[in-house]
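Colleague: This is the structure I want to talk about, given as structure tokens.
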Amino acid sequence: MEAEGSPESQKSRFSTLFWHGGSVYDAWFSCASNQVAQVLLTLPYSFSQLGMLSGILFQLFYGLMGSWTAYLISVLYVEYRTRKEREKVDFRNHVIQWFEVLDGLLGKHWRNLGLIFNCTFLLFGSVIQLIACASNIYYINDSLDKRTWTYIFGACCATTVFIPSFHNYRIWSFLGLIMTTYTAWYLTIASLTLGQVEGVKHSGPTTMVLYFTGATNILYTFGGHAVTVEIMHAMWKPQKFKSIYLIATLYVLTLTLPSASAVYWAFGDQLLTHSNALALLPRTRFRDAAVVLMLIHQFITFGFACTPLYFVWEKLIRIHETKSVVKRALGRLPVVIPIWFLAIIFPFFGPINSTVGSLLVSFTVYIIPALAHMVTFSSPSARENAVERPGRMMGGWVGHFCINTLVVVWVFVVGFGFGGWASTVNFVRQINTFGLFTKCYQCPPHKP
């Protein structure tokens, strides 16, 4: 596990520096950059639905819960890989994925469950990034409608088929985090500098539908660890991943809490009809810079969400272990087509996040990992022979099982139950108001 992908095996220093990453720092940049993408622009919208206090508390709560389940996924990955390597299985030309971990530890039924939820979530995660690209570019160039921009950016994002694996996101992850950091602090400083708009009101929460819709968007925000296994597999020493996601989450909170709070303080209830925070800020060179940087970052995040889907498709058509980048890229192209199509059907930037969060994220990265951890280590022999044993600080095995039970019950009742009901009602409301294939979602009327 430590020998694979060592930096000495690279052909050049340039390749190692910019292209082929695998260190702890690479994993941290990947986690932090992937976690806070376009959702940074929709969190003020969630605050207008939840109110200031609930918005802050839900961010802290779901941030910790997401870090916990990412830790569980890392434990299960190390357990699976160690068992397989004891059987002399070679992973040098094979990327381990979450459904394979479930298959190896728990059997084919768990594999199928993980495959369905994970692939569907990543599919819609890619759709959301494409929708966000069209939504953002419209604020600096409204000569084309958002649907046309979706066509254009769909073609641009298709170029991610040429990026072989998460090893090759080293420079992109680093730049992506700088971009979101700039955007977050631009939102914060611009809102505080402008001050509160005339007659600002902070009515949230007003209805149960809006409240739980906002909560599930935050659940989605801190559910970006569906690609944890792929990021770990790209590490030279994946057993060092355990606390990386928590540290990444703490950094992300320094971006999301100030920006969402400041924008909501400045604009209040106006955000209920403006799911993209950039729509309310006046156009300046700083806002244009934020838009451009977020567009680049959404391209990167599209690659993060889509690369695991590429791997699954490669394994299905049996080209995953080929060394030809061109052959793999051509084989991956069919994956982009349904993403492109869905982004045109459902261009509801903001509400779609909550729907995906409640119906898909709740199971993919919260409920299934917690249940899988409990079932994997349910027998005394499994606990005795575990590669990664829980520390006393968290109460040992009993403490782990108690926390896992809390995660499963809370997310199923609040996230999937109430959140699923609220976000579905809100999503259907968007369809009834704007219609499917809407040409320009939430676009202001053109001035003559």
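The values are calculated or read from the model by the stated rules, or taken from the named source; none is laboratory data. The shown structure was predicted, so the numbers you read here are calculated from the model rather than taken from an experiment. Counting neighbours? That spans all protein chains shown, and the Cβs are built from the backbone with ideal geometry, glycine included. For accessibility, only protein heavy atoms count, side chains too; no ligands or nucleic acids. Shrake-Rupley method; radii C 1.70, N 1.55, O 1.52, S 1.80 Å.
Condition check ((1) among the aromatic types (F, W, Y); (2) modelled with pLDDT of 90 or more; (3) surrounded by fewer than 15 Cβ atoms within 10 Å (Cβ to Cβ); (4) not in a helix (DSSP H, G or I)) across all residues:
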residue: T160; (1), (2), (3), (4): no, yes, no, no
residue: H167; (1), (2), (3), (4): no, no, no, no
residue: W172; (1), (2), (3), (4): yes, no, no, no
residue: I189; (1), (2), (3), (4): no, yes, yes, no
residue: T193; (1), (2), (3), (4): no, yes, yes, no
residue: T206; (1), (2), (3), (4): no, no, yes, yes
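Colleague: Let me ask something else. Within the bounds of region 133-156, is there any residue that is farther than 30 Å from F363 by Cα, among the aromatic types (F, W, Y), modelled with pLDDT of 85 or more and open to solvent by less than 40 Å² (accessible area, probe 1.4 Å)?
Modeller: Yes, there is a match, as at least one residue in region 133-156 is farther than 30 Å from F363 by Cα, among the aromatic types (F, W, Y), modelled with pLDDT of 85 or more and open to solvent by less than 40 Å² (accessible area, probe 1.4 Å).
Colleague: In contact (Cβ under 8 Å) with a residue 24 or more places away in the chain and either open to solvent by 10 Å² or more (accessible area, probe 1.4 Å) or touching a strand residue (DSSP E or B) at 6+ places or on another chain (Cβ under 7 Å) (or both): does that describe L271?
Modeller: Considered against the rule, which asks whether it is in contact (Cβ under 8 Å) with a residue 24 or more places away in the chain and either open to solvent by 10 Å² or more (accessible area, probe 1.4 Å) or touching a strand residue (DSSP E or B) at 6+ places or on another chain (Cβ under 7 Å) (or both), L271 comes out as no.
Colleague: With respect to the numbered conditions (1) closer than 30 Å to W313 by Cβ; (2) without any contact (Cβ under 8 Å) to a residue 60 or more places away in the chain; (3) outside any helix (DSSP H, G or I), which one is the sole condition not fulfilled by E198?
Modeller: Condition (1) is where E198 drops out.
Colleague: Moving to a separate point now. Yes or no: region 111-130 includes at least one residue that is part of a loop (DSSP other than H, G, I, E, B) and not hydrophobic (A, V, I, L, M, F, W, C).
Modeller: No, that holds for no residue.
Colleague: Which residues, counting only those in region 233-265, are within 15 Å of I189 (Cβ to Cβ), out of contact with any Leu (no Cβ under 6 Å at 6 or more places or on another chain) and among the hydrophobic types (A, V, I, L, M, F, W, C)?
Modeller: Passing the criteria: L255, L257, W265.
Colleague: Right, here's the next one. Among the listed residues R147, R92, which satisfies the condition of being basic (K, R) and more than 24 Å from V356 (Cβ to Cβ)?
Modeller: R92
Colleague: Okay, next question. Every residue in region 274-295 that is open to solvent by 10 Å² or more (accessible area, probe 1.4 Å) and either under 19 Å from A132 (Cβ atoms) or in contact with a His (Cβ under 7 Å, 6 or more places away or on another chain) (or both), please.
Modeller: Passing the criteria: H274, A279, L280, R283, R287, D288, A289, V292, L293, L295.
Colleague: Which of the following residues is closer than 22 Å to V292 by Cβ and not in a helix (DSSP H, G or I): Y139, Y151?
Modeller: Every option except Y139 fails the conditions.
Colleague: Also, I was wondering about something else. I want to confirm something. Restricting to region 227-268 and keeping residues that are farther than 23 Å from I300 by Cβ and polar (S, T, N, Q), which single residue is surrounded by the most Cβ atoms within 10 Å (Cβ to Cβ)?
Modeller: Per the criteria, the residue is S261.
Colleague: Within region 87-115, can you find the residues that are more than 19 Å from E314 (Cβ to Cβ) and either touching a Cys at 6+ places or on another chain (Cβ under 8 Å) or among the charged types (D, E, K, R) (or both)?
Modeller: Result: E87, K88, K108.
Colleague: Output the residues belonging to region 42-79 that are of a type in the set (G, A, S) and assigned to a helix (DSSP H, G or I).
Modeller: S46, S48, S54, G55, G63, G66, S67, A70, S74
Colleague: Listed residues V361, V375, V387, V356; which is part of a helix (DSSP H, G or I), open to solvent by 10 Å² or more (accessible area, probe 1.4 Å) and of a type in the set (V, I, T)?
Modeller: After applying the criteria, what remains is V375.
Colleague: Restricted to region 310-346, and to residues that are under 19 Å from the mean Cα position of the chain (by Cα) and open to solvent by less than 20 Å² (accessible area, probe 1.4 Å), which residue is nearest to T433 (Cα to Cα)?
Modeller: A343
Colleague: Can you say whether F267 is in a helix (DSSP H, G or I) and either among the hydroxyl-bearing types (S, T, Y) or over 30 Å from V161 (Cβ atoms) (or both), as far as the supplied structure shows?
Modeller: yes
Colleague: Please verify whether I218 is among the β-branched types (V, I, T), open to solvent by 10 Å² or more (accessible area, probe 1.4 Å), out of contact with any His (no Cβ under 9 Å at 6 or more places or on another chain) and touching a residue at least 24 places away in the same chain (Cβ under 8 Å), treating the condition exactly as stated.
Modeller: Considered against the rule, which asks whether it is among the β-branched types (V, I, T), open to solvent by 10 Å² or more (accessible area, probe 1.4 Å), out of contact with any His (no Cβ under 9 Å at 6 or more places or on another chain) and touching a residue at least 24 places away in the same chain (Cβ under 8 Å), I218 comes out as no.
Colleague: OK, next. Please count how many residues of region 324-358 are in contact (Cβ under 8 Å) with a residue 60 or more places away in the chain and basic (K, R).
Modeller: Residues in region 324-358 being in contact (Cβ under 8 Å) with a residue 60 or more places away in the chain and basic (K, R): 2 in total.
Colleague: Within region 54-64, how many residues are open to solvent by less than 10 Å² (accessible area, probe 1.4 Å) and under 16 Å from the mean Cα position of the chain (by Cα)?
Modeller: Within region 54-64, residues that are open to solvent by less than 10 Å² (accessible area, probe 1.4 Å) and under 16 Å from the mean Cα position of the chain (by Cα) number 3.
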